1. Hey, any hits in region A:395-402 for a residue that's in the same structural domain as A:Val299 (by TED's automatic domain parsing), in contact with a Lys or Arg (Cβ under 7 Å, 6 or more places away or on another chain) and at pLDDT below 90?
2. For A:Arg405, all conditions in the list (1) surrounded by fewer than 17 Cβ atoms within 10 Å (Cβ to Cβ); (2) within 26 Å of A:Leu288 (Cα to Cα); (3) among the charged types (D, E, K, R) hold save one; what is the number of the exception?
3. Quick check: anything in region A:8-21 more than 9 Å from every other protein chain (Cβ to nearest Cβ), farther than 20 Å from B:Ile30 by Cα and of a type in the set (Val, Ile, Thr)?
4. For region A:28-58, which positions are touching a residue at least 40 places away in the same chain (Cβ under 8 Å) and closer than 23 Å to B:Trp66 by Cα?
5. Looking at this structure, is A:Ala10 at pLDDT 90 or above, in a helix (DSSP H, G or I) and open to solvent by less than 40 Å² (accessible area, probe 1.4 Å)?
6. So which residues in region A:199-212 are of a type outside the set (Val, Ile, Thr) and under 15 Å from A:Leu175 (Cβ atoms), if there are any at all?
Amino acid sequence: MYEQLREMIAQRLSGAQDCPAKEDVIEEITSDLMEKYNELTAAGVESEEAMRRVQEGIGDLSEVTAYINEVDRRSEENQRSGNTNPFAGIDDLMRTLAKDLSPSINSFVSDLKSAAGHAATAAKDAARDAKGPLHDMAQSVKGTVKNAIKNITVSRERGEFRYDYTVPSEGLTGLDIRTASGDVTFGLSQDDNIYIVELANGELTEEQMAQIQVVDGILQIRQGNKSSVGTLLFSYGMLSSDFEIYLPKRAWNSLSVTTTSGDVELDKEMEIASLHIHSTSGDLELPLVACGSAQIETVSGDVELSGHAQELRLVTVSGDFDFNGSAGRVSLSTTSGDMALRLDNVPDALDVTAVSGDTKLWIPDNDGFSLHYNRVSGDIRSDFDLKTSLNAKNGTAVYLSGGQRTYSMQSVSGDLRIYRR
Amino acid sequence: MSMTSDIIRGHTETMILAQLLEHDSYGYEINKSIRDRTGGAYEAKEGTLYTAFRRLEQAGYIRSYWGDESSGARRRYYAITDEGRAFFRESRDEWQRVKAIIDRLIGTEQA
């Protein structure tokens with residue numbers, strides 16, 4: 001009888017991959033059902049009838065199946081990413097180069113590996129720049145570029161080498177900054193010049209200093225080539241430098257910062273039409289920005305953002321995200337990072353894609369929204385009175401008449417909470 | 001009966017935590033206890049229960065361990081964690097609030 005029951009359960013779970021988690025679930029359920037069967041027969045119920053009742057009582061095992069497959073997939077990812085050797089697969093990575101980390105399905109890349117991946121992208125960009133039209137342009141304006149930097153001074157400060165670059169801001173519409181390991185902090189300049197301070201832990205040659213040039217009105221700042229091998233791979237054993245960038249108080253058309261492990265801290269109250277920050281493991285502190293569009297991507301760095309963005313898009317793998325302010329349209333994507341957004345306004349659109357990260361949203365009372373949801377096991381709770389029961393796996397829940405606002409949420413096991421502010 | 005089932009199933013996790021507050025237990029024992037306490041009015045489907053176990057475990061509200069039964073298959077026991085206790089208190093308070101609001105709106109007197 002035990003074997004029969006076990007077979008039946010295994011059948012019901014046939015949608016799940018064979019793996020230890022599946023075996024555990026089969027054993028647990030079979031043990032419980034065996035006890036139920038024994039109790040029924042001991043009470044005088046016929047064997048066949050007892051079996052029928054046991055079967056009838058099982059219900060829907062699709063969520064349990066999904067859970068088993070999720071566990072199996074994650075442990076496969078862990079094995080493949082080579083936990084013992086963090087540099088395993090580096091060659092393949094260099095060859096295939098980092099793709100966009102789309103966190104909706106893929107997850108769990110070890111920090112070092114993704115740092116290498118992003119650095120590989122930076123290296124590829126640098127290589128491409130070196131041979132492509134940008135390089136030619138840079139070569140031809142090299143004379144002008146050098147002159148664009150009004151002044152370079154070197155000094156020593158508490159064991160650090162400090163390089164000051166002065167660039168007039170006239171004619172510049174935006175900035176594009178790339179560093180591998182250095183932190184990037186923004187501050188306020190008291191005049192029309194942009195002051196860039198590079199603080200290095202050793203003396204830098206010209207090649208190792210920040211590469212600064214103006215291309216099409218954009219001030220490009222690249223962390224100099226710090227390694228003697230000529231590739232930006234890992235930051236230990238190498239020179240590294242932090243950057244402080246002082247900008248005049250004015251609105252910028254674009255600000256783009258790409259960093260691997262460096263932290264990024266914006267000055268408060270910066271006005272930027274298009275803000276783009278990409279970090280692998282660096283933390284991001286972005287206080288009181290006023291943006292047209294803000295696109296923030298991180299692998300494991302934590303993000304603290306406040307202010308206003310017409311369009312806010314955030315992509316994270318495991319970094320946590322905290323937002324305080326207002327946003328017109330919001331798009332959030334997380335693998336395991338948790339997200340908390342306190343909004344002063346009711347967003348026109350919201351979509352959340354999550355694997356296991358939880359999302360908490362605080363919005364003011366409003367005249368209605370509809371929430372399309374699609375989930376495996378994530379919970380949705382709200383203190384807005386949502387008309388439809390949220391027990392189904394997918395459907396639409398409506399607050400008041402739904403209004404003009406459509407929100408959507410897709411999650412495997414991440415929870416969504418929408419609270420009234 | 002279907003609305004009742006829906007509502008009750010939505011509270012499965014809280015019900016399981018309530019059982020585990022008293023002592024560690026396993027799937028079938030928990031289901032039996034629920035059935036007995038409701039005088040047979042409600043018996044959870046196994047699928048519902050096991051899904052809830054997984055969710056509670058993933059959230060860190062319960063942890064599990066295998067029993068060492070001498071005969072038959074091993075039972076999987078569950079124990080509530082401190083986070084689970086906190087979550088239970090929150091959930092129970094939330095339910096009280098919901099119940100109070102609904103009672104106020106639809107009244108408790110026989111029409």
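1. yes
2. Single failed check for A:Arg405: (1).
3. Looking for residues that are more than 9 Å from every other protein chain (Cβ to nearest Cβ), farther than 20 Å from B:Ile30 by Cα and of a type in the set (Val, Ile, Thr), one finds none in region A:8-21, hence no.
4. Answer for region A:28-58, where residues must be touching a residue at least 40 places away in the same chain (Cβ under 8 Å) and closer than 23 Å to B:Trp66 by Cα: A:Val54, A:Ile58.
5. Values: at pLDDT 90 or above: yes; in a helix (DSSP H, G or I): yes; open to solvent by less than 40 Å² (accessible area, probe 1.4 Å): yes.
Judged against the criteria, A:Ala10 is a match.
6. A:Ala210, A:Gln211
Table: residues versus (1) away from chain B (no Cβ under 14 Å); (2) polar (S, T, N, Q).
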{"position": "A:Ser306", "(1), (2)": "yes, yes"}
{"position": "A:Thr316", "(1), (2)": "yes, yes"}
{"position": "A:Gly325", "(1), (2)": "yes, no"}
{"position": "A:Ala340", "(1), (2)": "yes, no"}
{"position": "A:Val355", "(1), (2)": "no, no"}
{"position": "A:Asp358", "(1), (2)": "no, no"}
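For every residue, the table says whether it meets (1) open to solvent by less than 10 Å² (accessible area, probe 1.4 Å); (2) touching a strand residue (DSSP E or B) at 6+ places or on another chain (Cβ under 6 Å); (3) of a type in the set (Lys, Arg); (4) more than 24 Å from A:Asp302 (Cβ to Cβ).
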residue	(1), (2), (3), (4)
A:Gly325	yes, yes, no, no
A:Leu332	yes, yes, no, no
A:Ser336	no, no, no, no
A:Val346	no, yes, no, yes
A:Thr359	yes, yes, no, no
A:Asn366	no, no, no, yes
A:Phe369	yes, yes, no, yes
A:His372	no, yes, no, yes
A:Asp379	no, no, no, no
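The values are calculated or read from the model by the stated rules, or taken from the named source; none is laboratory data. What you are looking at is a predicted structure, and each value in this text was computed from that prediction instead of being measured. Every residue, glycine as well, gets a Cβ built from its backbone with ideal geometry; the counts of neighbours run over all protein chains shown. Quick note on the areas: whole protein, heavy atoms, side chains included, nothing else; ligands and nucleic acids left out. Shrake-Rupley method; radii C 1.70, N 1.55, O 1.52, S 1.80 Å.
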